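Novice: One structure, as structure tokens, below. Some questions next.
No lab work stands behind these numbers, since they all come straight from the coordinates. These numbers come from a predicted model, not from an experiment. Note: ideal-geometry Cβ built from the backbone for every residue, glycine included; neighbour counts use all protein chains shown.
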Amino acid sequence: MLQYVKELVDRLDNKKLEQIKEVATSKEGVIGITASIVLATAYSYHKHTTRPVSNGSPLVPYTFPLVGSTMEYRKSPEAFCRKWHEKLGPVFRAHLFGKEVTVIGGHEVKEVFLDKHFDFFAALDKTFNLRLLTGGGRPEDFKADPIRKIVTKYLTPNLDFYTDRVVKRFQEGVDDNLKGADSKEFFSVYPLVQHMVAKASASIFVGENLANNALLIDSFKNMVIDVGSELIPIPWIEPFPTLVYIRMWYFGKNAPSTRRHKQQLRAAIGPELEDRIHQMNTNPEWKRPNDILQDIIEKEEHPSDIPYIDFIITMITAIIFASIHTTSEAATTVLYRILDNPEVIEALREEQDQVFRKEGIDENAGAEVFTRSIIKQFVKLDSVCRESSRLKNEFIKLPHAYEGTTPLKLSNGAIIKPGEEVLIDIWKNHRDPEIQNDLKDVEQFKPFRFVSSEKQATKVGEDFLVFGMGRHACPGRWFAMQEVETIISMIIREYDIKATTPVTYPKSERGMPGGKFRLEKRKL
Ligand code: HEM
């Protein structure tokens, strides 16, 4: 029945969805939805008695249908992963987030990441559909492929070229926060690095001029957080894809924060776009700005059936969603590890001095020395970044939808049916000594363990899944890690940093490390 309703909603246009909203919020609608939920629950309860095996995989037993094992997982994802891996092995079935799914860890993750029939974005769309959430664009414009192409063609090959402006904007980001003071205690790392990342990324994505626009920077920083905070999972909705879908659409249509960000992006990018097109058409002397926006204008075809500005805003929105929060969170994770292990700071400063001496760089030089080729020589720093990311609170995530047309049998016997989703168990692979190539003390943070191992922080594999793996592995990872490593390099070179309260690490799947810290200009 629910599948039928889902298909119905998929075929509806916005006007009809408005009508559904009216019905859903009426008294009769509420009674109808409640009755459907009760009926579906009863049906599901009847169907799901505790079975030892499901679709060829051992099944995590659960008592209550619909809820399944979600509560057990959310109470302590780590305990859940540990317990069920020990009992059931690297691949098992579990009723999580509203449905039975196959959870895949161990070497078998390759069978998902390397199979072209598995699609991360198709699965993500069901719980985080960017088009619905931002209330704009056409379904095909919010796909990964065009964004992947833009990142791969225009961003990654030009990272060296962009170094100067990145460093300048990082510096500005710190100055904005210190407001002329030499020292300040911060409540948390995230807002500081998020501001730095947003400014530097904006200067590359939409250009130097727009990176000075405070409202646009506000959207770069807060769009993802505002949308994400509206989507805190509601356990009673999760089992009903149609309700999840309506919730996203309703939020995208009506939430004041969505409207604000859409308006801010349009108000900033619209006039800039008009001006650039005017200049390109009329002024042969015009100096072409070097940024991703200009690359898109000149080299990307735009669909003729949507206004040009909508196309551009859709692209920029998708890039913002992929890049700003992810990179800021990564930098936050690394910086807290360093604050928690202050001896690392001295080792990293020594590494900088050694590289500077080798390259004949004056030891009093400013942050502009952190070019890509210099950053690449900071192997200790890179190891700290990989190790911090390996131990991050990543548990069971990265849903992948199986888009093959016939059932697929994994090597362990698990059957994946067309249309089903699998989830990846990052926690297991990041802590399994065998997968980790016989690393010792896998639970411990050992900052320099990857120094001589050819395992850079951007090197994906079954032992490092932060950026996914295979042909859809994150194409922005070189840019992201360069930003993270430049931020850390700059901060430790120019400031003394010290945790002023104990660093805390989240035990749940949401959240980041926390704790206050002090930044103080170094007296060299
Ligand atoms: C530390 C920061 C980042 C993390 C942790 C991260 C993580 C990920 C992950 C897990 C995926 C899915 C991979 C898969 O399906 O196997 C992904 C895909 C993607 N990421 Fe990132 N990402 C980061 C930064 C960025 C940046 C800075 C950009 C762009 C400038 C970016 C653009 C993309 C795109 C376009 C895809 C889709 C690739 C495809 O499906 O072909 N990411 N990212």
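Novice: From the helices alone, meaning DSSP H stretches of at least four residues, give me the mean residue ellipticity at 222 nm for the chain, per-run term -39500 (n - 2.57), in deg cm²/dmol to the nearest 500.
Specialist: Mean residue ellipticity at 222 nm (helix-derived): -16500 deg cm²/dmol.
Novice: Same structure again: Round to the nearest 0.05 the FRET efficiency obtained for residue 287 and residue 153 when R0 = 22 Å and r is the Cβ-Cβ distance.
Specialist: The value I calculate is 0.50.
Novice: Sorting check: for 119-131, 422-434, 281-293, 343-355, which peptide has the highest mean count of neighbouring beta carbons within 10 Å, and how do the rest follow?
Specialist: Output ranking for 119-131, 422-434, 281-293, 343-355: 422-434, 119-131, 343-355, 281-293.
Novice: Could you put 280, 469, 223 in order, starting from the residue whose Cβ has the fewest other Cβ atoms within 10 Å?
Specialist: Ascending number of Cβ neighbours within 10 Å: 280, 469, 223.
Novice: Further, regarding this structure: Within a Cβ distance under 11 Å of residue 123, other residues only, what is the Lys/Arg minus Asp/Glu net charge?
Specialist: Overall, the nearby charge balance is -3.
Novice: Using Cα atoms only, what is the angle between the long axis of helix 214-230 and the major principal axis of the chain, expressed in degrees (0 to 90) to the nearest 10?
Specialist: The answer is roughly 30 degrees.
Novice: Can I ask one more? If a paramagnetic tag sat 7 Å from the Cα of residue 510 along the Cα-Cβ line, which residues of segment 229-266 would have the backbone N under 11 Å from that point?
Specialist: Once the point is set 7 Å along Cα→Cβ of residue 510, 229-235 turn out to lie under 11 Å by backbone N, inside segment 229-266.
Novice: Could you give me the percent of Cα pairs per 10 Å distance bin for segment 188-233, shortest bin first, beginning at zero and ending with the bin that holds the maximum distance?
Specialist: Here the calculated profile for segment 188-233 is 28, 47, 21, 3.
Novice: Calculated FRET efficiency, residue 300 and residue 63, Cβ-Cβ r, R0 56 Å, to nearest 0.05?
Specialist: E between residue 300 and residue 63, to the nearest 0.05, is 0.60.
Novice: Between residue 208 and residue 501, what length comes free when the chain is fully extended (0.36 nm per residue of separation minus the Cα-Cα distance, one decimal in nm)?
Specialist: 101.8 nm
Novice: Taking amide H atoms as placed 1.01 Å from N in the peptide plane, list the residues 5 or more away in sequence, or in a different chain, whose amide H sits under 5 Å from that of residue 498.
Specialist: 518
Novice: Along the Cα-to-Cβ line of residue 71, 7 Å from the Cα, sits a label point; which residues in segment 86-117 have backbone N less than 16 Å from it?
Specialist: Label zone hits: 95-99.
Novice: Something else now. Taking each pair of different alpha-carbon atoms in the chain once, compute 1/r for the pair, average those values, and report the inverse of that mean as the Kirkwood hydrodynamic radius in Å to one decimal.
Specialist: Hydrodynamic radius (Kirkwood, Cα only) of the chain equals 24.9 Å.
Novice: If the chain between residue 358 and residue 79 were fully stretched, how many nm would it gain, using 0.36 nm times the residue separation less the Cα-Cα distance?
Specialist: Residue separation times 0.36 nm, minus the Cα-Cα distance, leaves 95.7 nm.
Novice: At a Förster distance of 35 Å, what's the computed FRET efficiency of residue 346 paired with residue 225, Cβ-Cβ distance as r, to 0.05?
Specialist: Given R0 = 35 Å and the Cβ-Cβ separation, E is 0.55.
Novice: Quick one: work out the % antiparallel among DSSP beta bridges in the chain, nearest 5.
Specialist: Bridges in the chain that DSSP calls antiparallel: roughly 85 percent.
Novice: Arranged from highest to lowest average of other beta-carbon atoms within 10 Å per residue, in what order do the peptides 299-307, 58-66 appear?
Specialist: Highest to lowest by the protection proxy: 58-66, 299-307.
Novice: Compute the length gained on full extension between residue 454 and residue 411: take 0.36 nm times their separation in residues and subtract their Cα-Cα distance, giving the result in nm to one decimal.
Specialist: 12.6 nm
Novice: With Cβ to Cβ distances under 14 Å as the rule, what net charge do the other residues near residue 357 carry (K, R +1; D, E -1)?
Specialist: -4
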